Amino acid sequence: MSDTSNSTEQGLVEAQSAGDYPSAGYGWYVVVLLTIAYIFSYIDRIVLGLVLEPMKADLGLTDTNMGLLGGAAFAIFYATMGIPLGWLVDRKPRKFIVALGAILWSAATMATGVARGFAQLFVARMAVGFGEAALSPSAMSLISDLFAPERRAKAIAFYSMALGVGSAIAYLVVGAILDYAETADLSYLAFLGVDKPWQVVFLAVGFPGILLGLLFLTVKEPTRKQTKLSATDGQGAATFRQTLDYIWQHKLPLLGVTVMVSGMTAIAYTGMWLPPLFERTWGWSAATFSSYNGSVLLFLAPASILFWGWVIDHFNQKGRHDMPFVITRAGLAVLVIASVVFPLMPDVWTAFVISQVANVGFTMVTAGGITALLAILPSELRGQAVAMYYMFISMTGLLIGPSVVPLFTDYIFGDESQIRYSMALVPLLYSGTILLFSGIIGKAYRAELAKFTD
């Protein structure tokens, strides 16, 4: 372990200059494709929550069943398969990994629409998680090889805005599909056993991802930009053991940033309960909430996250290299406060406006978190380290967000109409606690960052 530690401390600055990167135009072409893939993946991920009530009624499921489908089922493979896929990302052509992943998660989304009962739904959601686990480790590795560090934050922010854009499109498109399917003749889908509008939703949102996966075969792999990390496995990539050793040796800054972002994902994945929250608490139908929330997010999410990406690059070029962490910490504070407050509001419009303040916090953490992490990772282990990062934030987010809310509602408050208190408790108990330790994490992060920038 000491040999690895000594070698990794000797040369942590990327050897290539900005001129060794692909043209900006081609780099942005790939980023746009990755972003579209991320949008589709996020739509496929959250669509379950948007049709939760009709699925639950038609299949005789409970809130806890739906929480398991939206959380544990997806997390099992999304989190765990990220590690072996990250190992592949550091070694194999990333375009093939993304293409196969997109085809798998899209086909599994379509399979969700024809599933018969909880067990089949659980397997389909596991497959969605497996496919989507391939995307972000590949995307972060590709972006790191397409853009120099001082121009990387805007590309990461553009990719990351897919979370907000995907949510907005999902709310708007799913509502439109439901409206169409409720009046359409669905007899042409009878051979699939499809006769409900919510089933049509899964088929419609899943199919485009298969075509997108094929489009990724046109991407040209960029040259991997290596740091001077020695003792690799001879392929220019760190072994899994090296990666674990490195993370352990630098655990406070690396794991600290990861835990902070997990505070965001724990709140983000409570989002599947937003339509039921607004319906049960203030009387907005799922369609009404989806229309308003989707319309606002379609503008707010990309504008906000691109703004924070611009801020990070601006200050980075002026020598303020810790700005990604600063924005992550501030965003988590905004997010926690707004997310605790808005479910407790007495009227719907006050709650809705404050929920959009929470969305600004989401964009700050999304833009800053992964950018902060990449700044303190040698390139030879980025694929594996980023996969572990997504494994942790996804596992905590998916297991806490979708699952704990209905557990609080069903077993503590004992009344579905009290979901507002469950929604407020999750950010307070988990994310609020993390925020209390963010000062200690920040001190360790700046010390580690100095090794890469001095």
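Of the options VAL326, SER41, THR288, report the single residue whose Cα projects farthest towards the positive end of the charge dipole of the chain (beta-carbon charges: Lys, Arg +1; Asp, Glu -1).
VAL326
Given 10 Å bins starting at zero, what is the percent of C-alpha pairs of the stretch 263-368 in each, up to the one with the largest pair distance?
15, 43, 28, 10, 3, 0
Given the peptides 188-196, 216-224, arrange them by the average over their residues of other C-beta atoms within 10 Å, most packed first. Could you put the intermediate results ahead of the total?
Details: 188-196: 13.2, 216-224: 15.1.
With the highest mean Cβ count within 10 Å placed first, the list reads 216-224, 188-196.
Report, in debye and to the nearest 20, how large the dipole of the chain comes out about its Cα centre when Lys and Arg carry +1 and Asp and Glu carry -1 on their Cβ.
Numbers: 27 positive and 29 negative charges, 196 e Å.
Using Cβ point charges on Lys, Arg, Asp and Glu, the chain gives about 940 debye.
Could you please report the charge total around PRO324, scoring K, R as +1 and D, E as -1 over all other residues with beta-carbon less than 13 angstrom from its beta-carbon?
On the way: positive: ARG152, LYS154, ARG320, ARG329, ARG446; negative: GLU150, ASP313, ASP322, GLU448.
Local net charge: +1.
Given +1 on the Cβ of Lys and Arg, -1 on the Cβ of Asp and Glu, and no further charges, what dipole in debye does the stretch 315-433 carry about its Cα centre, rounded to the nearest 20? Walk me through the intermediate numbers first.
Working: 5 positive and 6 negative charges, 108 e Å.
Result for the stretch 315-433 is approximately 520 debye, rounded to the nearest 20.
Mean residue ellipticity at 222 nm from the helices of the chain, using -39,500 (n - 2.57) per DSSP H segment of n ≥ 4 over the full residue count, to the nearest 500 deg cm²/dmol? Intermediate results must be reported in sequence, preceding the final value.
Working: 22 runs with 333 residues, N = 454.
Computed mean residue ellipticity for the chain: -24000 deg cm²/dmol.
Using only the Cα atoms of the stretch 172-213, build the gyration tensor, take square roots of its eigenvalues as a ≥ b ≥ c, and label the shape rounded, prolate or oblate: rounded if a/c is under 1.5, else prolate if a/b is larger than b/c, else oblate. Don't skip to the end; give the middle numbers.
Working: a/c = 2.71, a/b = 1.29, b/c = 2.11.
The shape class here is oblate.
Where does the stretch 343-454 land on Rg/Rh, using Cα atoms and the Kirkwood Rh?
Using only Cα positions, Rg/Rh for the stretch 343-454 is 1.07.
If each residue of separation counts as 0.36 nm, what is the full-extension length gain between ASP179 and HIS314 once their alpha-carbon separation is subtracted? Show your work: numbers first, answer last.
Numbers: separation 135, 0.36 × 135 = 48.60 nm, distance 4.44 nm.
Length gained between ASP179 and HIS314: 44.2 nm.
Can you send over the carbon and sulfur percentage of the accessible area for the chain, probe radius 1.4 Å, protein chains only? Walk me through the intermediate numbers first.
Values: 11440 of 16830 Å².
The value for the chain is 68 percent carbon and sulfur by accessible area.
Report MET264's accessible area, 1.4 Å probe, all protein chains in place, as a number in Å² to the nearest 10.
Here the residue's solvent-accessible area equals roughly 20 Å².
Where Rh is the Kirkwood radius over the Cα pairs of the stretch 113-160, the temperature 37 °C and the viscosity 0.692 mPa s, what D in µm²/s does Stokes-Einstein return? Mind dumping the intermediate values first?
On the way: Rh = 12.9 Å.
For these conditions, the coefficient is 254 µm²/s.
With a probe of 1.4 Å, find how much accessible area the chain has per residue, and write the answer as a whole number in Å². Intermediate results must be reported in sequence, preceding the final value.
Details: 16830 Å² over 454 residues.
Accessible area per residue: 37 Å².
Tell me, Kirkwood radius of the stretch 331-387 from alpha-carbon pair distances, in Å? Mind showing how you got there, number by number?
Working: mean 1/r = 0.0774 Å⁻¹.
Mean inverse Cα-Cα distance, inverted, gives 12.9 Å.
Cβ neighbours within 10 Å, averaged per peptide: list 365-376, 67-78, 114-125 in order, most packed at the top. Could the numbers behind the result be given before it?
Working: 365-376: 27.4, 67-78: 24.0, 114-125: 16.6.
So the peptides 365-376, 67-78, 114-125, ranked by packing, come out 365-376, 67-78, 114-125.
Indicate the gyration tensor shape class of the chain (rounded, prolate or oblate), computed on the Cα atoms with a ≥ b ≥ c the square roots of the eigenvalues: a/c under 1.5 is rounded; otherwise a/b larger than b/c is prolate and the rest oblate. Before the final figure, lay out each step's value.
Working: a/c = 1.87, a/b = 1.45, b/c = 1.29.
In terms of gyration-tensor shape, prolate.
Using the Cα centre of the stretch 62-197 as origin and beta-carbon charges of +1 (Lys, Arg) and -1 (Asp, Glu), tell me which of SER144, ALA108, ALA119 is placed farthest towards the positive end of the dipole.
Result: SER144.
Using Cα positions and a limit of under 21 Å, work out the lysines in reach of LYS451, with same-chain residues fewer than 8 apart set aside.
List returned: LYS225, LYS228, LYS251, LYS318, LYS443.
For the chain, find the longest principal axis of its Cα atoms and tell me its angle to the long axis of helix 438-453, 0 to 90°, nearest 10.
The two axes meet at around 40 degrees.
Order LEU85, LEU100, LEU398 by their accessible area, 1.4 angstrom probe, all chains in place, largest first. Please list the in-between numbers first.
On the way: LEU85 25, LEU100 125, LEU398 0 Å².
Order by accessible area, largest first: LEU100, LEU85, LEU398.
Taking amide H positions as placed 1.01 Å from N in the peptide plane, with prolines and chain starts having none, which residues 5 or more places from ARG91, or on another chain, fall under 5 Å of its amide H?
It is none; the list stays empty.
Pairwise over distinct Cα atoms, reciprocal of the mean inverse distance: report the Kirkwood radius of the stretch 94-224 in Å, one decimal place. All intermediate terms of the calculation are to be shown ahead of the outcome.
On the way: mean 1/r = 0.0609 Å⁻¹.
That comes to 16.4 Å for the stretch 94-224.
With a 1.4 Å probe and all protein chains kept in place, how do ARG446, ARG45 rank by accessible area, largest first?
Values: ARG446 100, ARG45 20 Å².
Greatest to least solvent exposure: ARG446, ARG45.
Taking the alpha-carbon distance from LYS220 and a cut-off under 17 Å, which lysines remain once sequence neighbours fewer than 8 residues away in the same chain are dropped?
Straight-distance partners of LYS220: LYS92, LYS95.
Run the paramagnetic zone check for VAL32: 7 angstrom along Cα to Cβ, then residues of the stretch 165-190 with backbone nitrogen under 18 Å.
Backbone N within reach: 165-166.
Just want to confirm a number: the relative contact order over the stretch 133-227, from Cα pairs under 8 angstrom separated by 6+ residues, in percent.
Relative contact order here is 31 percent.
Note down the net charge around ALA102, summing +1 for each Lys or Arg and -1 for each Asp or Glu among other residues with Cβ under 15 Å from its Cβ.
Numbers: positive: ARG45, ARG94, LYS95; negative: ASP44, GLU132.
With Lys, Arg at +1 and Asp, Glu at -1, the neighbours total +1.
Quick one: angle between helix 197-215 and the longest Cα principal axis of the chain, in degrees between 0 and 90, rounded to 10, please.
Approximately 30 degrees, to the nearest 10.
Using only the alpha carbon atoms of the stretch 189-340, find the Kirkwood hydrodynamic radius as the inverse mean reciprocal pair distance, in angstroms to one decimal. Before the final figure, lay out the partial values.
On the way: mean 1/r = 0.0480 Å⁻¹.
20.8 Å is the Kirkwood radius here.
Can you give the local net charge around LEU407? Use residues other than it whose beta-carbon is closer than 13 angstrom to its beta-carbon, Lys and Arg +1, Asp and Glu -1.
Numbers: positive: none; negative: ASP63, ASP410, GLU416.
Combined, the nearby Lys, Arg, Asp and Glu give -3.
Under 23 Å Cα to Cα from LYS196, which lysines show up? Leave out anything in the same chain fewer than 8 places away.
Answer for LYS196, where 23 Å is the Cα cut-off: LYS56, listed by chain and number.
Which order do the peptides 165-176, 298-309 take when ranked by the mean count of other beta-carbon atoms within 10 Å per residue, highest first?
Working: 165-176: 22.1, 298-309: 20.4.
So the peptides 165-176, 298-309, ranked by packing, come out 165-176, 298-309.
Tell me, what is the FRET efficiency for LYS443 and ASP20 to the nearest 0.05, using R0 = 45 angstrom and their Cβ-Cβ distance as r? Please list the in-between numbers first.
Details: r = 34 Å, r/R0 = 0.75.
Here the calculated transfer efficiency is 0.85.
Percent relative contact order of the chain, based on C-alpha pairs within less than 8 angstrom and at least six residues apart? Numbers along the way, then the final one.
Details: 790 pairs, mean separation 120.2, N = 454.
26 percent.
Going by a ≥ b ≥ c, the root eigenvalues of the Cα gyration tensor, does the stretch 18-86 fall in the rounded group (a/c under 1.5), the prolate group (a/b larger than b/c) or the oblate group? Mind showing how you got there, number by number?
On the way: a/c = 6.29, a/b = 2.30, b/c = 2.73.
Verdict is oblate for the stretch 18-86.
The values are calculated or read from the model by the stated rules, or taken from the named source; none is laboratory data. Keep in mind that what you see is a predicted model, and the values were worked out from it rather than measured. Glycine gets a Cβ as well: all are built from the backbone with ideal geometry, and neighbour counts include every protein chain shown. Surface accessibility is based on the protein's heavy atoms, side chains included, excluding ligands, DNA and RNA. Shrake-Rupley method; radii C 1.70, N 1.55, O 1.52, S 1.80 Å.
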